[in-house]
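**Q** Quick one: the structure is below, and I'll ask about it shortly.
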Amino acid sequence: MKFQRSKHEEPTLGIAPLIDIVFLLLIFFMVTSHFDVASGVRIKLPRISRVIYNETGDTVTVVIDQTGRAYLEGKMLDLKILGERLKDLVAEKNTVRLILQADKDVKHGVVVEAMDVAKTAGVKSIVISAQWKPQKPL
């Protein structure tokens, strides 16, 4: 009786399952990572020693750079146009909290003018952003 020998095949690792795993990991990291929506404007915030405000909700961030230019959603706007855009956002979302991020070297008058424009547009709450520097325990 003559037995037929089976051909010896070497095990191979398919590339399709590896690609699937890489894509699943990519999707996992994209979903779980936190992206901070920054305007791309480099500013230095003033430092504070304790956190005063820590609320979430419908917020809009206005950034004022060192030269006094205002940015909303990363786009540079004149204060008059900023007021119109804020008015539209207030009408759309009904209640809007404004986070004002102003460079620590910007003139006070520019910040006050931006706050006035926001209040005129109907913004109910304005929070001035600062960089928190935790104190070391004694």
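**Q** Expected output is a single nm value to one decimal: the length gained when fully extending between residue 116 and residue 8, i.e. 0.36 nm times separation in residues minus the C-alpha distance. What is it?
**A** Going from the current span to full extension adds 30.7 nm.
**Q** In addition: Fewest Cβ neighbours within 10 Å first, please rank 108, 8 accordingly.
**A** By the 10 Å Cβ count, ascending: 8, 108.
**Q** Could I ask something else about it? Using Cβ contacts closer than 10 Å as the measure, can you line up 76, 30, 115 from fewest to most?
**A** Fewest-to-most ranking of 76, 30, 115: 30, 76, 115.
**Q** Of 79, 98, 25, 13, how do they rank once you tally other Cβ atoms within 10 Å and put the fewest first?
**A** 13, 25, 79, 98
None of the figures in this text is laboratory data; all of them are computed from the coordinates on show. Since we're looking at a predicted model, the values are computed, not measured. Quick reminder, even Gly has a Cβ in these numbers, built from the backbone with ideal geometry, and neighbours come from all protein chains shown.
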